[in-house]
Amino acid sequence: MAGDPYLSSFRPGEGFPSGVEYRWSEGSGRDAQTVSVSAPVYIEKVLHWIAEQINDETKFPDDDDEAEALRVFQTPQFAALCGQIFRRLFRVYGIVYSSFFGTLEALGMAPHLNTCFKHFMFFCTEFGLLPEREVEPLEVLVKPIRKQYYLAKQGAQNPGAGR
C-alpha cells in the first residue's frame, strides 16, 4: 500500500461506509490503544491480523494431531476468535463496497465481488456470525441476500412445496 498514491491519499477515518469509522487496537490488555486509521490501512491490518491468527498453531492446530485440533475447535475461545475474524472480514467488504466498488465495476470485477459477498453472507447467516449492529452499514446489500438465503433454505426444507 505504501507505494500506491491513491491508497496513501486516504486520511485516518476516511474510506469507511457512511456513518462508520472502524478503529484499530494496537497492543493488548491494559496497554491497548485504539487508533484512527484510513480504510486501506484498516484492510491491511485486518488481513495481517487474520494471517497471524490462522498461522498460530495454538489457535488453529495442525491436522496432524486430530485430538488436539478437535479439543481447540470446541472451545468458546475458538468460536469467539472465528466470530471476530468474520466480523472484521465483513468490515473489509463494507470498505470495498463503499470506497472501491466503482473501480471494481469499471474493471468488470463487480460480479465476482458480489458472488463472493453473497456466499460469505450465506455462511455468516447460516452460523449466526454477524451481530446486527455490524450489518447495519451494509443493510441495503445484506437484506436481499438474506432474503434469498432464507427462501432457498425454506425451499430445501420443503422440496415439494409450490408444485
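Spot the failing condition for Ala79; the list is (1) loosely packed, with under 14 Cβ neighbours inside 10 Å; (2) of a type outside the set (Val, Ile, Thr); (3) modelled with pLDDT of 95 or more; (4) not in a loop (DSSP other than H, G, I, E, B), and only one is missed.
(3)
Taking the condition of being in a strand (DSSP E or B) and at pLDDT 90 or above, how many residues in the range 1-28 meet it?
Looking only at the range 1-28, we keep the residues that are in a strand (DSSP E or B), and these are 23-26.
From what is left, the residues that are at pLDDT 90 or above are 23-25.
Within the range 1-28, residues that are in a strand (DSSP E or B) and at pLDDT 90 or above number 3.
Among the residues of the range 29-39, are any open to solvent by less than 100 Å² (accessible area, probe 1.4 Å), within 24 Å of Tyr97 (Cβ to Cβ) and in a helix (DSSP H, G or I)?
Yes, there is a match, as at least one residue in the range 29-39 is open to solvent by less than 100 Å² (accessible area, probe 1.4 Å), within 24 Å of Tyr97 (Cβ to Cβ) and in a helix (DSSP H, G or I).
Results for (1) buried (at least 16 other Cβ atoms within 10 Å of the Cβ); (2) farther than 28 Å from Pro40 by Cα; (3) within 18 Å of the chain's Cα centre (by Cα), shown as yes or no for each residue.
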site	(1), (2), (3)
Phe86	yes, no, yes
Glu134	yes, no, yes
Glu139	no, no, yes
Tyr150	no, yes, no
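Specify the residue that is most open to solvent (accessible area, probe 1.4 Å); the eligible residues are those in the range 1-28 that are of a type in the set (Ser, Thr, Tyr) and more than 17 Å from Phe100 (Cα to Cα). I'd like the intermediate steps shown before the answer.
Residues of the range 1-28 that are of a type in the set (Ser, Thr, Tyr), as a first pass: 6, 8-9, 18, 22, 25, 28.
With more than 17 Å from Phe100 (Cα to Cα) added as a condition, the list becomes 25, 28.
On the way: Ser25: 61, Ser28: 88 Å².
This residue is Ser28.
Starting from residues that are open to solvent by less than 60 Å² (accessible area, probe 1.4 Å) and under 14 Å from the mean Cα position of the chain (by Cα), keep the ones in the range 106-117 and report whichever is nearest to Leu89 (Cα to Cα). If you could, list the steps in order and put the result at the bottom.
The initial filter retains those residues of the range 106-117 that are open to solvent by less than 60 Å² (accessible area, probe 1.4 Å), namely 108, 110, 113, 117.
Imposing the further condition that a residue be under 14 Å from the mean Cα position of the chain (by Cα) reduces the set to 113, 117.
Working: Leu113: 13, Phe117: 10 Å.
Checked the range 106-117; the qualifying residue nearest to Leu89 (Cα to Cα) is Phe117.
Answer yes if at least one residue in the range 121-129 is open to solvent by 40 Å² or more (accessible area, probe 1.4 Å), modelled with pLDDT under 95, within 26 Å of Tyr22 (Cα to Cα) and not in a loop (DSSP other than H, G, I, E, B), and no otherwise. Reasoning before the result, please.
First pass over the range 121-129, keeping only residues open to solvent by 40 Å² or more (accessible area, probe 1.4 Å): 122-123, 126-128.
From the residues that got through so far, the ones that are modelled with pLDDT under 95 too are 126-128.
This time we only want the ones that are within 26 Å of Tyr22 (Cα to Cα), so: 126-128.
So of that shortlist, the ones also not in a loop (DSSP other than H, G, I, E, B) come out as 126.
Yes: the range 121-129 contains one or more residues that are open to solvent by 40 Å² or more (accessible area, probe 1.4 Å), modelled with pLDDT under 95, within 26 Å of Tyr22 (Cα to Cα) and not in a loop (DSSP other than H, G, I, E, B).
If Ser98 meets every condition in (1) surrounded by fewer than 18 Cβ atoms within 10 Å (Cβ to Cβ); (2) closer than 20 Å to Tyr42 by Cβ; (3) free of Cβ contacts under 8 Å to residues at least 40 places away in the same chain apart from one, which number is that one?
Of the numbered conditions (1) surrounded by fewer than 18 Cβ atoms within 10 Å (Cβ to Cβ); (2) closer than 20 Å to Tyr42 by Cβ; (3) free of Cβ contacts under 8 Å to residues at least 40 places away in the same chain, the odd one out for Ser98 is (3).
The values are calculated or read from the model by the stated rules, or taken from the named source; none is laboratory data. What you see is a predicted model, and the numbers here were worked out from it, not measured in a lab. Note that we place each Cβ from the backbone using ideal geometry, even for glycine, and neighbour counts take in every protein chain shown. With ligands, DNA and RNA removed, areas are computed over all heavy atoms of the protein, side chains included. Shrake-Rupley method; radii C 1.70, N 1.55, O 1.52, S 1.80 Å.
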